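Step one of this worksheet: look at the structure below.
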Amino acid sequence: MKRKFLKTLLAWAIVGATGAAAQAQTATYTFSPVNQHDINLTAAYWNPIINYVYEKSGIKLNLKIGRTSADTTSYVLAKEVEFVFTNHLFSPEREQLGWKVFGRRQTPPVHGEIVVPEDSPIKDLAQLKGQDVAFAGPEAFLVYKVPYAHLLSKGIDVKPVFAGNQTAAFAQLFSGKVPASGGNSQLVEAYERREGKKFRVLWKSEPFLDLALMASAKVPEKDVKAVANAFFEMGKDPKGKEILHEVSKTIGLGQDAVFIPASNADYAAYRRFYQTAPSILH
């Protein structure tokens, strides 16, 4: 009887040690997606997704977002995060940091835009000269760098007002604080669906791919693959598809955007922009 009891205790000890070891081996990384929306909306979109990734891969991604898109990118540049969803890392200088594209959302190409409310008296970009124009922030590629570069190329000197994210820029636009805003076409359409507002597009850029899922060079390849496969599995798994449906609806995406493989080569249009962009926008 005593021998049987000792065997049971030993079995429990082995199970407990195995469970503790498995828990200790769980890889944990920080994930910083660019603030395309306010913090609450950004978290509402990403938290269910990274919870699914953890369930499927066993790798935990902790969400880390700053107050503004520039704050979030500062974490990336300070090497405080290992996974990102961004388009802020394709300048020549930042490509030297070694970030690797592994995926993206399967959405139509996006455009940088300059927009006004549908009922605005402004019909031409030249009317913006000398006026305040809202932008998400100095790091925002499609919402600031692309449209501002176009304005500079046309000699239209405006006063940038940095709102922190696209949602906040549109809030300033529709409150009458600014007459125009930079925009990401995907976020412009999502805002119209979500908030019932209407825009007039004064200018639209060439197409760019949606933001990239990227991993730091310091993340082991096996962990990158596990995380990537979990993202890609979402569009095939009923539970994953339901999560994508709900979070896409939350932010106003016009489709249930699944994640698909991508590589650095897919983002050549971003690199072309920096070949001719003013140095102040690098």
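Just to be sure I understand, how many residues within the stretch 173-198 are part of a loop (DSSP other than H, G, I, E, B) and over 19 Å from L142 (Cα atoms)?
The qualifying residues number 6.
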(request) Just give me the residues in the stretch 118-152 being surrounded by fewer than 21 Cβ atoms within 10 Å (Cβ to Cβ) and either in contact with a Cys (Cβ under 9 Å, 6 or more places away or on another chain) or under 15 Å from Q166 (Cβ atoms) (or both), in sequence order. (result) P138
(message) Restricting to the stretch 78-110, and then to whatever is in a loop (DSSP other than H, G, I, E, B) and of a type in the set (D, E, K, R), can you tell me which residue is least open to solvent (accessible area, probe 1.4 Å)?
(response) E82
(request) Assess whether A228 counts as being of a type outside the set (D, E, K, R), open to solvent by 70 Å² or more (accessible area, probe 1.4 Å) and out of contact with any helix residue (DSSP H, G or I) (no Cβ under 7 Å at 6 or more places or on another chain). (result) no
(request) Only residues in the stretch 213-226 that are hydrophobic (A, V, I, L, M, F, W, C) count as the first member; pair them with residues that are surrounded by 16 or more Cβ atoms within 10 Å (Cβ to Cβ) and part of a helix (DSSP H, G or I), Cβ under 6 angstrom, at least 6 apart or cross-chain, and list the lot. (result) A215/V224; A226/S57
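May I ask you to list the residues in the stretch 196-222 that are of a type outside the set (G, A, S) and farther than 19 Å from V115 by Cβ? Reasoning before the result, please.
Just the residues of the stretch 196-222 that are of a type outside the set (G, A, S), to begin with: 197-204, 206-211, 213-214, 218-222.
Passing the criteria: L209, L211, L213, M214, K218, V219, P220, E221, K222.
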(message) Condition check: within 26 Å of Q127 (Cα to Cα), surrounded by fewer than 24 Cβ atoms within 10 Å (Cβ to Cβ), touching a Gly at 6+ places or on another chain (Cβ under 6 Å) and touching a residue at least 40 places away in the same chain (Cβ under 8 Å). Does S185 satisfy that?
(response) no
(message) If I go through the stretch 264-281 residue by residue, how many of them are within 19 Å of the chain's Cα centre (by Cα) and either among the basic types (K, R) or open to solvent by 50 Å² or more (accessible area, probe 1.4 Å) (or both)?
(response) 3
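Quick one: in the stretch 111-165, which of the residues that are small (G, A, S) and not in a loop (DSSP other than H, G, I, E, B) is farthest from A262 (Cα to Cα)? Break it down stepwise before answering.
Step one: of the stretch 111-165, the residues small (G, A, S) are 112, 120, 126, 130, 134, 136-137, 140, 149, 153, 155, 163-164.
Add one more test, that the residue is not in a loop (DSSP other than H, G, I, E, B), and what stays is 112, 126, 134, 149, 153.
Values: G112: 21, A126: 38, A134: 31, A149: 27, S153: 32 Å.
Filtering first and then ranking leaves A126.
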(request) All but one of (1) within 28 Å of D237 (Cα to Cα); (2) over 17 Å from the mean Cα position of the chain (by Cα); (3) open to solvent by 50 Å² or more (accessible area, probe 1.4 Å) hold for K64, so report the exception by its number. (result) (2)
(request) Go over the candidates K249, K239, K198 one by one and state the one that is open to solvent by 10 Å² or more (accessible area, probe 1.4 Å) and over 19 Å from Q166 (Cα atoms). (result) K239
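When you look at S175, is it open to solvent by less than 20 Å² (accessible area, probe 1.4 Å) and under 25 Å from P117 (Cβ atoms), yes or no? Working first, answer last.
Details: open to solvent by less than 20 Å² (accessible area, probe 1.4 Å): no; under 25 Å from P117 (Cβ atoms): yes.
So S175 does not fit the description; no.
How about the stretch 61-77: which of its residues are outside any loop (DSSP other than H, G, I, E, B) and either in contact with a Lys or Arg (Cβ under 8 Å, 6 or more places away or on another chain) or farther than 18 Å from H282 by Cβ (or both)? Write out each step before concluding.
The initial filter retains those residues of the stretch 61-77 that are outside any loop (DSSP other than H, G, I, E, B), namely 61-63, 69-77.
Answer for the stretch 61-77, where residues must be outside any loop (DSSP other than H, G, I, E, B) and either in contact with a Lys or Arg (Cβ under 8 Å, 6 or more places away or on another chain) or farther than 18 Å from H282 by Cβ (or both): L61, N62, L63, D71, T72, Y75, L77.
The values are calculated or read from the model by the stated rules, or taken from the named source; none is laboratory data. Quick caveat: nothing in here was measured; it's all calculated off a predicted structure. Please note: Cβ atoms are built from the backbone with ideal geometry, for glycine as well, and neighbour counts cover all protein chains shown. The area values use the complete protein model at the heavy-atom level, side chains included, leaving out ligands, DNA and RNA. Shrake-Rupley method; radii C 1.70, N 1.55, O 1.52, S 1.80 Å.
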